[in-house]
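Worksheet: one structure, shown below.
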Amino acid sequence: MVENAEIGQRFGINEEWVESRTGIKCRRHADPDETLVLMGAHAARGALEQAGLAASQVDCVLLASMSNVRQVPALAPAVARELGADNAGACDIQAACAGFTYGIVHAVGLIASGAARHVLVIASERLSDITDPMNRDTAVLFGDGAGAAVVSASQEPGFGPVVWGSDGTGEELFVLTPSLTQLDVLHPRPYIRMRGRALARKFGTLITPVIHEALNAAQLTWYDVQAFVPHQANLRFIRQWTASLDLPSHVATATAITDDGNTSAASIPLAIDHLMSHGAVNPGDLAVLLGYGVGITWAAMVARLPGDAEHEPLLAARRNPVQLPGTF
């Protein structure tokens, strides 16, 4: 665990300054032997146990990550091997901080098409590997973590229609640099470089309409849902959006960033777990999920929150070739 006191000492800043700017009190950095594969597999085992499934029942493993420094081979096949999901299809997804929601979208599509019945969606991040420890702007933000969910075929829909998109004009606002072809003695490894204010402006004008569109697509209002689970980028952003959205008092907003930092693709499953473990929401509640990441990419949808194996699958997608998958 890396607390603000350590960050403050490193950069000669007050630890309260870090929390006031980001909402983060601490972030976690994985040990060297805690690989992305092992972290992802650990999270996946918890999801499978809650869903009451064996790894052998998984038809596909989708793993979202932006911090795989090895690039090739993909992480998902190694996680499938670690779990014992020997016959499952497996591939990685790179949509940065929107990766988990993109994984859910693909899982719903696989189930709706009949290509799969149970899809394991994992997000595993070691952002400490690609964060310059001496760059204040990034070192205060990023942490490591992993989360997972099982998306299963069901007669009852578990997802509203996705509202997603991308805008490649924002690609230079957050980059991993230098590239593999530019590494040299002076630059032996790539690190994150970002233009935080420009990113905030870019997403600031985008996010609210996307959220409203996702609710409208599901034919719901905020009075029908119990939680708002945005990507945990910065607590100030989250509070600004909740204020602009004028959320009813009963809607619980995820703020796991205070204890986890920004964990990129892993932030949404970690935030869901945080809400549920603290009793802020119940199995079967409806939540608006909002993933957004650099590139830039975004995806929002209404989802039914996890249940236990005795009551409902962890997350469910309707398998019906006539109707749109997952509509409420």
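The values are calculated or read from the model by the stated rules, or taken from the named source; none is laboratory data. The structure displayed is predicted, hence computed values, not measured ones. FYI the Cβ positions are ideal-geometry reconstructions off the backbone, even for glycines, and counts take in every protein chain you see.
Things to note:
- Annotation: M39 fulfils all but one of (1) outside any loop (DSSP other than H, G, I, E, B); (2) surrounded by fewer than 21 Cβ atoms within 10 Å (Cβ to Cβ); (3) in contact with a strand residue (DSSP E or B) (Cβ under 9 Å, 6 or more places away or on another chain); the unmet one is (2).
- In the stretch 248-269 there is no residue matching the filter, namely being over 24 Å from S67 (Cα atoms), in contact with an Asp or Glu (Cβ under 9 Å, 6 or more places away or on another chain) and modelled with pLDDT under 95.
Here is a yes/no grid of residues against (1) buried (at least 24 other Cβ atoms within 10 Å of the Cβ); (2) in a helix (DSSP H, G or I); (3) among the small types (G, A, S); (4) modelled with pLDDT of 95 or more:
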position	(1), (2), (3), (4)
R45	no, yes, no, yes
Y102	yes, yes, no, yes
E125	yes, no, no, yes
G145	yes, no, yes, yes
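- Selection count where residues are part of a helix (DSSP H, G or I), in contact (Cβ under 8 Å) with a residue 40 or more places away in the chain and over 23 Å from I192 (Cβ atoms), scope the stretch 254-281: 3
- Pairs meeting the criteria (first residue in the stretch 193-212 and not assigned by the TED database to the domain that holds S67, second residue assigned to a helix (DSSP H, G or I) and among the hydroxyl-bearing types (S, T, Y), beta carbons under 7 Å, at least 6 apart or on different chains) are M194/T138; T208/S244.
- Of all residues making up the stretch 203-225, the number that are at pLDDT 95 or above and within 19 Å of the chain's Cα centre (by Cα): 3
- Some residue of the stretch 11-25 being more than 21 Å from the chain's Cα centre (by Cα), surrounded by 15 or more Cβ atoms within 10 Å (Cβ to Cβ) and farther than 30 Å from R136 by Cα: no
- Any hit, the stretch 310-318, residues being under 17 Å from W164 (Cα atoms), of a type outside the set (K, R) and at pLDDT below 95: no
- Of the listed requirements (1) assigned to a helix (DSSP H, G or I); (2) at pLDDT 95 or above, C91 misses just one: (1).
- Test: G165 is in a strand (DSSP E or B), surrounded by fewer than 20 Cβ atoms within 10 Å (Cβ to Cβ) and touching a strand residue (DSSP E or B) at 6+ places or on another chain (Cβ under 9 Å): yes
- The residue list A76, A80 contains one member that is within 11 Å of L62 (Cβ to Cβ), part of a helix (DSSP H, G or I) and more than 19 Å from the chain's Cα centre (by Cα), which is A80.
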